[in-house]
Amino acid sequence: KRLGADNEITVTLPSGEKFEVPSNLYILGTMNTADKSISLIDSALRRRFDFIEVAPNPSLIADTTLKVVLEKLNEYLEKKLNSTDLLIGHAFFINKTVDELTSIMNQKIIPLLYEYFFDNKQEVTNCVNSCLDGTEYKVDDTCSYKRISVVKA
């Protein structure tokens with residue numbers, strides 16, 4: 001459909017201007033496969049476009065503790081959910097230090113885990129315990145609103 005291609009298409013915008021996609025322009029989009037509520041849209045997009053998976057890359061995380069936490073977390077998720085669609089991305093941990101682990105876990109990761117495990121507190125606790133093993137952090141399940149959190153031991 002690009003300009004100069006055999007099947008090029010030109011459209012007229014509401015402003016009256018002509019528009020076509022130049023042959024040297026590539027349009028990139030991102031897609032989160034974790035949201036299963038839009039799986040029909042995902043399928044339609046996959047039929048029409050090329051996809052390159054960008055998997056979590058712990059080597060991009062400078063802090064050794066955070067790197068290990070992410071690796072253990074994703075190992076647990078892949079084993080328990082028998083899928084790689086719900087792995088946690090490295091972006092949560094990039095340019096962060098171990099001092100930020102409680103806020104990363106409590107504000108970003110644990111809410112996701114409650115969604116992944118359909119509010120199963122025991123499963124979320126097991127997951128978080130597995131990724132914190134060997135660190136100086138632990139699960140606190142004494143919150144008044146019944147959700148777990150991570151605290152420094």
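Pairing residues of the stretch 128-153 that are on the phi < 0 side of the Ramachandran plot and in a strand (DSSP E or B) with residues that are open to solvent by 30 Å² or more (accessible area, probe 1.4 Å) and among the hydroxyl-bearing types (Ser, Thr, Tyr), at Cβ distances under 8 Å and at least 6 apart in sequence or on separate chains, gives 137/102; 149/102; 150/102; 151/102; 152/102. Whether a residue is open to solvent by 100 Å² or more (accessible area, probe 1.4 Å) and over 24 Å from residue 90 (Cα atoms) was assessed, and residue 14 passes this test. Out of 71, 75, 115, one residue alone is open to solvent by 80 Å² or more (accessible area, probe 1.4 Å) and within 14 Å of the chain's Cα centre (by Cα). It is 115. Residue count for the stretch 118-127 under the criterion of being touching a residue at least 24 places away in the same chain (Cβ under 8 Å) and open to solvent by less than 40 Å² (accessible area, probe 1.4 Å): the result is 3.
The values are calculated or read from the model by the stated rules, or taken from the named source; none is laboratory data. Just so you know, these numbers come straight off a predicted model, no measurement behind them. FYI the Cβ positions are ideal-geometry reconstructions off the backbone, even for glycines, and counts take in every protein chain you see. In case anyone asks, the SASA skips ligands and DNA or RNA and just uses the protein heavy atoms, side chains included. Shrake-Rupley method; radii C 1.70, N 1.55, O 1.52, S 1.80 Å.
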